[in-house]
Amino acid sequence: MLIGIIGKANVGKSTFYKAATLAEVLIANYPFATIKPNHGVAYVKIPCIDSEFKVQCMPRTGFCINHIRFVPVDLMDVAGLVPGASEGKGLGNQFLSDLSQADCFIHVVDASGGTTIEGKPAEPGSHDPIEDIKFIERELDLWYLGILKKVWRVFARTISTVKDAQFAKEVAKQFSGLKIDEDLVKRVLLKNKLNADKPDAWTDNELEIFARGLRIMSKPMIIAANKCDTSFGKTNAERLAKEFPEYLVVPCSADSELALRQAAKAGLIEYVPGECDFKLKKELLPKQLEALEAIKKNVLAQFKEGTGVQAVLNHAVFDLLKYIAIFPAGAHKLADSKGNILPDCFLLPSGSTALDFAFSLHSDIGKNFVKAIDARTGKALGKDHVLQHRDALEIATR
């Protein structure tokens, strides 16, 4: 799974990325501070099952704080978009190529209204962030449309005499690099009431509708309304949610999250990412204490999902992509061969079966599947058993 961070230049994308990953990246107050994509590991947060079994887990990947498990996901931060990016302006071509394998997008928006459409610093409140979402949507739609138009005339004539199924197959082949399959193409056609019997007769408007539909379904998006703690931030975040009801808009302060995580890493505070409070662990310098108290007052006490960074990641994985977390665990043995307790946790698409889980562990385990055993109940489960979020299973093989 790969999550792409997108947005115009200079809105806090790299700060969001660093807050989520604690990776060292350039953060600067000018457009195109990010040239090459930053690729790192972020984490989604779930209640660990270890407390149910009265043990302490020992994660092989990720980590666990106070029985809250953090499961790794891939995160990519790319160069900011400018108007005309789909035509190659700015770093547009590179940006779009970098994002082709993303499963979903986090669109970081400057909710303070303090950056121009080109990503240059401006007076807070002088720019309407609603325009940023419209502009990013348009550039993404034009990206998809450009791919279609390159081959459409010949492509449409070639398949104009075949059935819908062949149309979906050919379109999926053309867009395979963007993670589009036949089922998705069929859903786009159905939702937008497009006739696949005669694609060569489609109007330019129908072609645009088709390209937009492919983009929306293949690259779902969540809005991180960054800088929500500024004078215009909270109001603009609320405006964005009303203007774009099709998106989940999460008020966010990447600067605050980064400060809290760095303070926790330095041992100054006890902080669980995504929580609305923290505890001091040692006496701080007056400026350090003042900065942390400001975050507590202006961010954590104001927004129900804390700084918003962890919430955005969780919503992206569990709400947009509809993944579930599954633990490999035996009914009578929670440790692996090396004695590590509940070392792993896997993210699988909603609707996955016990057999799907077996194959995610290893192809040989899937091929030799006999049954799954529920670690909580000891009940045997067949290969077609549909898994639920936070299930714990042992796979028996022949």
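What to note about this one:
- Within segment 299-318, considering residues that are in a loop (DSSP other than H, G, I, E, B) and either crowded, with 19+ Cβ neighbours inside 10 Å or among the charged types (D, E, K, R) (or both), the one nearest to the chain's Cα centre (by Cα): 308
- Scanning segment 77-129 for residues that are part of a helix (DSSP H, G or I), modelled with pLDDT under 90 and either crowded, with 16+ Cβ neighbours inside 10 Å or small (Gly, Ala, Ser) (or both) yields 85, 86, 92, 94, 95, 96, 97, 98.
- A count restricted to segment 319-339 and to residues that are over 28 Å from the mean Cα position of the chain (by Cα) and at pLDDT 95 or above stands at 0.
- Residue in segment 53-76 that is modelled with pLDDT under 80 and part of a loop (DSSP other than H, G, I, E, B) present: no
- Hits in segment 338-381 - residues which are touching a strand residue (DSSP E or B) at 6+ places or on another chain (Cβ under 9 Å) and among the β-branched types (Val, Ile, Thr): 341, 353, 365, 370, 373
- The helices (runs of 4 or more DSSP H) found wholly in segment 173-272 and carrying at least 2 residues that are touching a strand residue (DSSP E or B) at 6+ places or on another chain (Cβ under 8 Å) occupy 233-243, 254-265.
- Some residue of segment 12-22 being in the same structural domain as residue 111 (by TED's automatic domain parsing), under 25 Å from residue 124 (Cα atoms), part of a loop (DSSP other than H, G, I, E, B) and modelled with pLDDT of 90 or more: yes
- Of 252, 276, 228, all but one fail to be touching a residue at least 24 places away in the same chain (Cβ under 8 Å) and under 21 Å from residue 69 (Cα atoms); the exception is 276.
- Yes/no for residue 342 being touching an Asp or Glu at 6+ places or on another chain (Cβ under 6 Å) and at pLDDT 95 or above: yes
- Test for residue 232: is it of a type in the set (Phe, Trp, Tyr) and under 24 Å from the mean Cα position of the chain (by Cα): no
- Which listed residue is in contact (Cβ under 8 Å) with a residue 60 or more places away in the chain and either of a type in the set (Val, Ile, Thr) or assigned by TED's automatic domain parsing to the domain that holds residue 184 (or both), from 365, 373, 326: 326
- Sole residue being surrounded by fewer than 21 Cβ atoms within 10 Å (Cβ to Cβ) and touching a Pro at 6+ places or on another chain (Cβ under 9 Å), chosen from 335, 331, 291: 335
- Counted residues, segment 195-207 - those being crowded, with 17+ Cβ neighbours inside 10 Å and either farther than 21 Å from residue 143 by Cβ or modelled with pLDDT of 90 or more (or both): 2
- All positions within segment 189-211 that are among the charged types (D, E, K, R) and within 18 Å of residue 155 (Cβ to Cβ): 197, 198, 200, 204, 206, 208
- Neighbours by Cβ (under 9 Å, 6+ apart or cross-chain): first from segment 338-353, without any contact (Cβ under 8 Å) to a residue 12 or more places away in the chain; second surrounded by 15 or more Cβ atoms within 10 Å (Cβ to Cβ) and assigned to a loop (DSSP other than H, G, I, E, B): 339/58
- Close Cβ contacts (under 8 Å, 6 or more residues apart or on different chains) running from residues in segment 103-115 that are within 15 Å of residue 6 (Cβ to Cβ) to residues that are surrounded by 22 or more Cβ atoms within 10 Å (Cβ to Cβ) and acidic (Asp, Glu) comprise 109/132; 110/132.
- Selection over segment 346-384 of residues that are crowded, with 16+ Cβ neighbours inside 10 Å, under 27 Å from the mean Cα position of the chain (by Cα) and of a type outside the set (A, V, I, L, M, F, W, C) gives a count of 4.
- Candidates 370, 309 - the one that is over 30 Å from residue 108 (Cα atoms), modelled with pLDDT of 95 or more and of a type in the set (Val, Ile, Thr): 370
The values are calculated or read from the model by the stated rules, or taken from the named source; none is laboratory data. Since this is a predicted model, take the numbers as computed values, not measurements. In this analysis, Cβ positions are derived from the backbone assuming ideal geometry, glycine residues included, and neighbour counts consider all displayed protein chains.
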